[in-house]
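Chemist: Please find one structure pasted underneath; my questions will follow.
Derivation of every value follows stated rules applied to the coordinates shown; laboratory data play no part. What you see is a predicted model; the values in this text were computed from it and never measured. No Cβ is skipped: glycine too gets one built from the backbone with ideal geometry, and neighbour counts run over all protein chains shown.
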Amino acid sequence: MDNRAIGVYDSGFGGLSVWRELRRHLPDESLIYLGDGKNCPYGGKDREQIRCFAEEAVARLVEEGVKMVVVGCNTATTAAIDYLRERWSDMPIVGLEPAVKPACLTTKSRRIAVLATEHSLSSDMFLNTASRYASDVEVVKVVGRDFVEIVEAGEEHTSRAEEAVRRVVAPLRDSGVDRVVLGCTHYPFLRELIERELEGCDIEVIDSGAAVARRVEWLLERYDLRADGVQKPLFDFITFADEEYRQSLERKALALL
Ligand code: DGL
């Protein structure tokens with residue numbers, strides 16, 4: 001048993017989609033959410049820069065006394081997960097990978113689309129996962145242009161969001177894909193719009209949130225790190241940006257419950 005918190009990290013608001021799944025699946029666990037905010041968006045930046053941001057973030061969570069870190073960001077995972085696991089080898093670190101595997105196992109058309117940031121889609125990790133599970137499945141790679149900026153601005157329910165989603169997603173309607181994988185943790189905040197755009201096409205939208213929560217649960221069991229269920233869990237929010245940003249993280253998280 002271990003009542004220390006689990007640290008969850010993202011470039012900004014996106015990892016809150018993972019935070020929500022962790023709260024649902026593991027209600028006794030305390031969570032410290034770090035939304036960088038200062039360096040967001042990561043998606044167009046180079047690997048070394050993103051690795052440095054991720055290192056700073058995990059160091060901060062370790063300072064806060066967490067027992068485990070969930071890198072709730074596909075981009076930071078692709079850029080830094082091996083490095084982070086080497087540096088903090090005594091602590092479980094969970095990364096985010098686009099749900100290419102379940103999409104490949106269930107596609108009937110043998111064609112899937114992965115929506116993610118530019119960095120994630122060009123990373124070795126993505127290419128390896130795609131070649132491992134998708135050798136006989138065609139993977140259409142699509143960058144969710146402006147999606148992260150829209151979510152960071154809290155504009156998910158605006159015409160700007162509708163237009164951006166239409167621009168990116170409409171071409172998938174007749175592309176022959178029957179699975180669309182959300183490979184960036186900001187994108188589930190636009191899920192409703194994405195699904196609306198794909199209405200009537202028999203295309204399933206998949207994200208990794210629930211799978212990550214199951215993986216975290218498995219690791220908690222494996223290393224005997226579960227909270228005792230007696231102490232009330234605490235939920236903290238921290239950032240490298242300003243207090244206003246920190247408060248908006250907290251508000252957005254609470255609105256998800
Ligand atoms: N939420 C992120 C991801 O999962 C990062 C997006 C960004 O900062 O560009 O990829």
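Chemist: Give me the log10 of I(q) over I(0) for the range 122-179 at q = 0.19, 0.31 Å⁻¹, as the Debye formula computes it from C-alpha points; what are the numbers?
Modeler: For the requested q values the scattering log ratios are -0.82, -1.17.
Chemist: A follow-up question, please. When the dipole is taken about the Cα centre of the range 99-257, and only Lys, Arg (+1) and Asp, Glu (-1) are charged at their Cβ, what size is it in debye, to the nearest 20? Don't skip to the answer; put the middle values down first.
Modeler: Values: 22 positive and 29 negative charges, 122 e Å.
Computed charge dipole of the range 99-257: roughly 580 debye.
Chemist: If you wrap a convex hull around the Cα atoms of the range 1-146, how much volume per residue is inside, in Å³? Intermediate values should be presented prior to the final figure.
Modeler: On the way: hull volume 17.8 nm³, N = 146.
That works out to 122 Å³ per residue.
Chemist: Is the range 144-207 best put as rounded, prolate or oblate by its Cα gyration tensor, with a ≥ b ≥ c the root eigenvalues, rounded for a/c under 1.5, and otherwise prolate when a/b is larger than b/c, oblate when not?
Modeler: Numbers: a/c = 2.08, a/b = 1.60, b/c = 1.30.
The shape class here is prolate.
Chemist: Let me ask something else about it. Let me know the shape class of the range 1-68, please: from the alpha-carbon gyration tensor, a ≥ b ≥ c as square roots of the eigenvalues, rounded when a/c is under 1.5, otherwise prolate if a/b is greater than b/c, or oblate.
Modeler: On the way: a/c = 3.06, a/b = 1.63, b/c = 1.87.
The shape class here is oblate.
Chemist: Answer rounded, prolate or oblate for the range 192-257, using the Cα gyration tensor with square roots of eigenvalues a ≥ b ≥ c: rounded when a/c is under 1.5, else prolate when a/b is larger than b/c, else oblate. Don't skip to the end; give the middle numbers.
Modeler: Working: a/c = 2.81, a/b = 1.28, b/c = 2.20.
In terms of gyration-tensor shape, oblate.
Chemist: Using the Cα centre of the range 173-240 as origin and beta-carbon charges of +1 (Lys, Arg) and -1 (Asp, Glu), tell me which of Phe235, Val181, Ala213 is placed farthest towards the positive end of the dipole.
Modeler: Phe235
Chemist: Beyond a 25 Å Cα-Cα separation, which of these cross-linked pairs lie in this structure: Lys38/Lys232; Lys45/Lys141; Lys108/Lys141; Lys232/Lys252; Lys38/Lys101; Lys45/Lys108? Don't skip to the end; give the middle numbers.
Modeler: Numbers: Lys38/Lys232 31 Å; Lys45/Lys141 18 Å; Lys108/Lys141 18 Å; Lys232/Lys252 21 Å; Lys38/Lys101 33 Å; Lys45/Lys108 35 Å.
Pairs exceeding 25 Å: Lys38/Lys232; Lys38/Lys101; Lys45/Lys108.
Chemist: Turning to a different aspect of this structure: Taking the alpha-carbon centroid of each part, what is the distance from the range 89-145 to the range 177-197 in angstrom?
Modeler: What the calculation gives is 14 Å, centre to centre.
Chemist: Here is a further query. Inverting the mean 1/r over all pairs of different Cα atoms, compute the Kirkwood radius of the range 44-88 and quote it in Å. Mind dumping the intermediate values first?
Modeler: Working: mean 1/r = 0.0942 Å⁻¹.
With all distinct Cα pairs of the range 44-88 included, I get 10.6 Å.
Chemist: Please list 3J(HN,Hα) in residue order for the range 200-211, calculated via the Karplus relation 6.51 cos²θ - 1.76 cosθ + 1.60 where θ = phi - 60°; whole Hz, with x for glycine and proline.
Modeler: Going residue by residue, I get x, 9, 6, 10, 9, 9, 10, 10, 9, x, 5, 5 Hz, with x marking Gly and Pro.
Chemist: Quickly rank 169-179, 114-124 as a protection proxy: mean count of other C-beta atoms within 10 Å, highest first. Can you show the working numbers first?
Modeler: Values: 169-179: 16.8, 114-124: 22.0.
So the peptides 169-179, 114-124, ranked by packing, come out 114-124, 169-179.
Chemist: Sticking with this one: If packing is taken as the average number of other Cβ atoms within 10 Å across a peptide's residues, how do 26-38, 229-241 rank, most packed first?
Modeler: Working: 26-38: 21.0, 229-241: 15.0.
Averaged packing, sorted descending, gives the order 26-38, 229-241.
Chemist: Here is a further query. Would you please give the residues with an amide H less than 5 Å from that of Val205, counting only those at least 5 places away or on a separate chain, with H modeled from the backbone geometry?
Modeler: The list, which skips near neighbours in sequence, is Val180.
Chemist: While we're here: Please report the orientation-averaged projected area of the range 119-257, defined via the convex hull of its C-alpha atoms, in nm².
Modeler: Working: hull surface 46.1 nm².
The number I arrive at for the range 119-257 is 11.5 nm².
Chemist: Rounded to the nearest 500 deg cm²/dmol, what is the calculated helix-only ellipticity per residue at 222 nm for the chain, with -39500 (n - 2.57) per DSSP H run of length n ≥ 4?
Modeler: Working: 11 runs with 114 residues, N = 257.
Calculated from helices alone, the mean residue ellipticity at 222 nm is -13000 deg cm²/dmol.
Chemist: Let me ask something else about it. Under the √(5λ) rule applied to the eigenvalues of the Cα gyration tensor, what semi-axes describe the equivalent ellipsoid of the chain? Give them in Å, descending.
Modeler: On the way: eigenvalues 167, 81, 62 Å².
Equivalent-ellipsoid dimensions as semi-axes: 29, 20, 18 Å.
Chemist: For the range 1-80, with only Lys/Arg (+1) and Asp/Glu (-1) charged at the beta-carbon, what is the dipole magnitude about the Cα centre, in debye rounded to 20? All intermediate terms of the calculation are to be shown ahead of the outcome.
Modeler: Values: 10 positive and 12 negative charges, 35 e Å.
Dipole magnitude for the range 1-80 comes out near 180 debye.
Chemist: Hey, another quick one. Over 16 Å, how big is the tail of the calculated P(r) for the range 46-125, in percent of all Cα pairs?
Modeler: Values: 1704 of 3160 pairs.
Percent of Cα pairs beyond 16 Å in the range 46-125: 54.
Chemist: Run the numbers on the chain and let me know its relative contact order in percent, using alpha-carbon pairs under 8 Å that are six or more apart.
Modeler: 29
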